[in-house]
Amino acid sequence: MFDPNDILYEDNHLLVVNKHAGDLVQPDPSGESALEDQIKAFIKRRDAKPGAVFLGVVHRIDRPVSGAVVFAKTSKALVRLNEMIREGRIHKVYWALTEATPDPESGELRHYILRDGRTNRSRAFDAPKGDARQARLRYATLGVGTRYTLVEVELITGRHHQIRAQLSKIGCPIRGDLKYGAKRSLPGGGISLHSRRVEFEHPVRREPVSVTAPAPADDNLWAYFETR
C-alpha cells in the first residue's frame, strides 16, 4: 500500500514514488488496488481537492520490482514526459542482486527479446529471431558478496522484462526471480531488482531532475550492499 513517506520528489507537475515490491503501478484485470488510485486518493485528501485528481503514469515497473516510479500531476507534464520516454530522454538506472558475477564485470549486453504473452515471459536471443526486438543495456559490477553480486544496470532500450531476461541469458539470474532461473523465491514474491535512479529534464521548468530511491529497508542484503 502507498505510504506518503515513500514520496521521493514532488512539485506541481511531478511525483516520484519509491514503489515496494509487490505493488501494482496501474490497475490490472485482477482488480487489486494499485498505486495510481491510492496516490490519487491521498492527494484528494491531503489537498482537499473538490473534483477528480489528475495523475498520469509515465512509466511502469514490474510488480515484483521495487524503486522509483514517475507520475505526472498535470496533462502538460504527462504529454512532455511521454515524448521524452519515446525519445529515450529519461535515463533509468537499476540495481540488481544476481546469483553470479558477470564476466566481464562490466560492459554492454545486446540481445533480441521475444515476448510470450501466454506465459508473460521474455526470451533473449543472441541473433534476430522472428518478431524479436533488439535490447541493449550497460552494466557494471558494484560489489561482490559470498552468494550474491550487486550489478548496476543502465537501460538503453525498454523491452518487456529486459533486465531480467538479459541477465539470466548471461548466467546471472536475479535473486528471487524464479521465472528467469533463480534458485529460490523471496518472501512476498518480490525479486531483487530495484529502480535506483531516474534522471530527466523537468518537463515544464526545463531544469535537470535526478531522483535516487533508497533500496528496500526490510532486506538485510540490500542494506549490506548499500552501505558498503
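The values are calculated or read from the model by the stated rules, or taken from the named source; none is laboratory data. All values derive from a computational prediction rather than experimental measurement. Methodologically, a virtual Cβ is constructed for each residue, glycine included, from the backbone with ideal geometry; neighbour enumeration extends over all protein chains shown. For the accessible areas, the whole protein counts, side chains as well, though only heavy atoms, and no ligand, DNA or RNA atoms are used. Shrake-Rupley method; radii C 1.70, N 1.55, O 1.52, S 1.80 Å.
Based on Cα contacts under 8 Å between residues 6+ apart, the chain shows a relative contact order of 20 percent.
Heavy-atom accessible area with a 1.4 Å probe sorts THR119, THR149, THR74, largest first, into THR119, THR74, THR149.
For the chain, the solvent-accessible area works out to 51 Å² per residue, with a probe of 1.4 Å and every protein chain left in place.
Sequence-ordered 3J(HN,Hα) estimates for the range 45-53 from the Karplus curve with 6.51, -1.76 and 1.60 and θ = phi - 60° stand at 5, 4, 9, 6, 6, x, x, 5, 9 Hz, glycine and proline given as x.
The fraction of accessible area contributed by carbon and sulfur in the range 12-151 is 46 percent, rounded to a whole number (1.4 Å probe; ligands and nucleic acids excluded).
Counting 0.36 nm for each residue step from GLU87 to LEU142 and taking away their Cα separation leaves a gain of 17.0 nm. As a fraction of the 1.4 Å probe accessible area of the range 176-223, surface on carbon and sulfur atoms comes out at 50 percent.
When Rg and the Kirkwood radius Rh are both evaluated on Cα atoms of the range 27-82, their ratio Rg/Rh stands at 0.98. Under 5 Å from the amide H of ILE156 lie the amide H atoms of ARG136, LEU137, ARG138, each residue being 5 or more positions distant or on a separate chain, with H modelled from the backbone and absent for Pro and chain starts.
Sequence gap at least 6, Cα distance under 8 Å: using those rules, report the relative contact order of the range 94-228 to the nearest whole percent.
Working: 263 pairs, mean separation 31.4, N = 135.
With pairs under 8 Å counted, the relative contact order is 23 percent.
Fraction of C-alpha pairs exceeding 30 angstrom in the chain: 25 percent, rounded to a whole number. Restriction of the GluC sites (Glu not before Pro) in the range 1-37 to DSSP coil positions whose beta-carbon has at most 13 other beta-carbons within 10 angstrom yields GLU32. Please report the orientation-averaged projected area of the range 1-112, defined via the convex hull of its C-alpha atoms, in nm². Seen from a random direction, the Cα hull of the range 1-112 projects 9.5 nm² on average. The string of couplings for the range 138-154 from the Karplus curve (6.51, -1.76, 1.60, θ = phi - 60°) is 10, 9, 8, 7, 9, x, 10, x, 6, 10, 9, 10, 8, 10, 9, 10, 10 Hz, one whole number per residue in order, with x for Gly and Pro. Taking amide H as placed 1.01 Å from N in the peptide plane, the amide H of TYR9 sits under 5 Å from that of VAL16, each at least 5 places away or on another chain.
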